[in-house]
Amino acid sequence: MNEESHWFEKGVLLSKKYFSWIVPDNNKTKNKIKKYFTQEYMDNLNYTGLEIEPVDILVFAYTCALISFLAAFVMDLIVIVSYSADLGQIDIFTWIIMISISIFLPLIIMNLIAGYPKTYSRYVKIHSLGDIPEILSYLVMYLKLVPNLENSVKFAASESSTSLARDLRKMLWDMEIKVFHGIDDAITSFANYWGIWCDHFKRALHLIRSSIQESDEAQRTITLNRALDVALDGTRDLMNQFASKLHQPTMFIYSVGIMIPLSIIAMLPAASLVGMKITIFQVFFLYDIFLPLVILLYTRKILLSRPATFNPPVIPSTHPDLININKNKRLTLSLIAGFLVALPGFCFIVVQLIMPNGSSNQLINFIVSPSGLNNFFPVTLFIIWGIAVAVTLYSISVYRPYKKVRDDIKQIEKEFGDALYILGKRIGEEKSPEESFIYTATTMEGSKIAEVFSQTGFNLTAMHTNIRDAMFSPEYGSLKHVYSDRVKAIMKLFVEGIQKSQRAVSISIIRIADHLKELQEVENKIKDTLYSLTSTLRSTAAVFAPLIAGVTLAITKLITTIIQSIQGKLPTESVMGGSNMLSNITESFTLENVRPEYFTLVVGIYIIELVFLITRFTNGIDEGDDKAEYMYTLGKVMPTAIVVLTITIIISQILFSSIIRTI
């Protein structure tokens, strides 16, 4: 999967350009490379197709570690400055957090970067399993039309843009340079290699190879169908096994990532009763750095083990509906809009830091004071809204056109099987190709595929072109903007077959239509199985988590007020003989240290991060590696979650304010 724009290659090039001084060219460096970059590591690196050297990976890893250390150091300085540079005021727990981040974060990032090629290699291999149904279907469809194994492999390798097709092309090249003695030897070696990762693929390839030896056409067809059944059953079994293992991770994310953290928020004010000193930095680190990082690494591990099934079509940016999309411009506009929305929240924080004891101006006091506007409407919500607005505007404006094109392609593929069956029947009745295409388009009028077939018929009749140009001409071909490898490959088979025998191609096309139906049934069953597992998490991210967070924040403020009220009503000397114990306790958790508005900001950021992470997880489970689908879904879920959070906070604070006034 060699992509020129892969982020890892970009990072390596930048670090090599500006930070090559980190790794000196000496014997110590060479020994370190020999020690850590083993032959297994190099094999994985070569398999990924990433065109980088081990020493450059080392430079990149050290660069990322250095940058993360500097970022942690800046965060430490911000914390120290917030305490007026008085190191004695910083509690021991905050010191532990600061030191731990500064030491362990660079080490973790360095190891993740250094080990990325091995992780990426495993991802590519697992992801390639999703190419199996497509590759095998091309092999089987071609062999049903022309029983030539080498040509069928060439056809599958040329028509598919998948990573598995790349491996097929490499196999063909090895065969050309005499690494293998022939196509049988090459297929056997290829099957044995992939058999380590996927047994059903190995069995299907052996069946395909043996079908060539069948002298009877009917027996050859039965063997080919059996190979396809093995592949589809194996793909279904792989996904069922993965789905059966998802229950525990789903419960872990639901409990550890959502329910428990949001419940603990309400308990934080009461933590002072046991002598704990809670600061906003500790809460920020726990909820906005540590927990999201744990969820990210955990969900990433699960998604890396997800066997791909049916990969989404690749849509180039040259598509007519996408060519005018300027991502950088829309990102800039989205950030500006988000900043303008968040500006009142930033102003509140600045004013509160400058004038912590209030001002003579009644309006400023009303905005800043905890008993003023913030009693009903936390002003820091503006910052949450600003982030949500920026994310939503960018996601929807950029990826809605991608989603529309993707949905059109999926619809065409869904309708293609029925259209192919009608076309095959019409061709079998000795009708001309142009008449058959027009008849099929008329029969399926209103569908997306009808537009494609209608354009093909028009090109054949009005432009008097041949069948190949009618569909594949770069100027006027009907498939010019149909970015579906499946549709294009089958129509190329149709073009090749109809030039030899109209009756034979009719039978083959009808068989292919049945075969496509089988593929679609397997695909739909897998999606239904996965969606039933992720639907709860989807609704949790969009509704239940923001709802729980909003109520919990109001409860937190209520508990804080109650504790402070009790403190004010107790006598100066406690019955235990010491100075007011509860007063000392609540000094460690006062509204000056952790204002409810800051709680709202920290928890709101956590909800936004949850929406990012859970949406990525659920979309990754359902759709696989589909960035357009993920970003579009994110753009829809984000505003829903923030609206629910906002309404819940406001209503809850209004309801609880009546209780607070009676205290």
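The values are calculated or read from the model by the stated rules, or taken from the named source; none is laboratory data. Note that the coordinates shown come from a computational prediction; the quantities given were computed from them, not determined experimentally. Reconstructed Cβ throughout: ideal geometry from the backbone, glycine too, with neighbour counts over all protein chains shown. Each accessible area value is taken on the protein alone, full model and side chains, heavy atoms only, with ligands, DNA and RNA left out. Shrake-Rupley method; radii C 1.70, N 1.55, O 1.52, S 1.80 Å.
For residue 254, indicate whether it is in contact (Cβ under 8 Å) with a residue 60 or more places away in the chain, open to solvent by 70 Å² or more (accessible area, probe 1.4 Å) and at negative phi. Yes, satisfied. Considering the stretch 111-150, the residues that are under 30 Å from residue 417 (Cα atoms) and among the polar types (S, T, N, Q) include one that is most open to solvent (accessible area, probe 1.4 Å), namely 148.
Looking at 219, 213, which one is at pLDDT 80 or above, open to solvent by 80 Å² or more (accessible area, probe 1.4 Å) and part of a loop (DSSP other than H, G, I, E, B)? Matching residue, one of 219, 213: 213. Remark: residue 495 matches the filter, which requires a residue to be part of a helix (DSSP H, G or I) and under 18 Å from residue 441 (Cβ atoms). Filtering the stretch 418-445 to residues that are open to solvent by 70 Å² or more (accessible area, probe 1.4 Å) and not in a helix (DSSP H, G or I) leaves 429, 430, 445.
Within the set 494, 472, the sole residue that is touching a Leu at 6+ places or on another chain (Cβ under 9 Å) and surrounded by fewer than 20 Cβ atoms within 10 Å (Cβ to Cβ) turns out to be 472.
Only one entry in 633, 648, 662 is β-branched (Val, Ile, Thr) and modelled with pLDDT under 75, namely 662. Screening the candidates 97, 52, 113 for the property of being modelled with pLDDT of 80 or more, aliphatic (A, V, I, L, M) and part of a loop (DSSP other than H, G, I, E, B) yields one hit, 52.
Of the numbered criteria (1) over 27 Å from residue 620 (Cβ atoms); (2) within 26 Å of the chain's Cα centre (by Cα), the one residue 83 fails is (2).
In this structure, is residue 114 under 23 Å from the mean Cα position of the chain (by Cα) and aliphatic (A, V, I, L, M)? So residue 114 fits the description; yes. Regarding residue 517, is this residue within 21 Å of residue 137 (Cα to Cα), open to solvent by 40 Å² or more (accessible area, probe 1.4 Å) and either outside any helix (DSSP H, G or I) or in contact with a helix residue (DSSP H, G or I) (Cβ under 6 Å, 6 or more places away or on another chain) (or both)? Judged against the criteria, residue 517 is a match. Of the residues making up the stretch 290-302, those that are without any contact (Cβ under 8 Å) to a residue 12 or more places away in the chain and either over 13 Å from residue 620 (Cβ atoms) or open to solvent by less than 70 Å² (accessible area, probe 1.4 Å) (or both) number 3.
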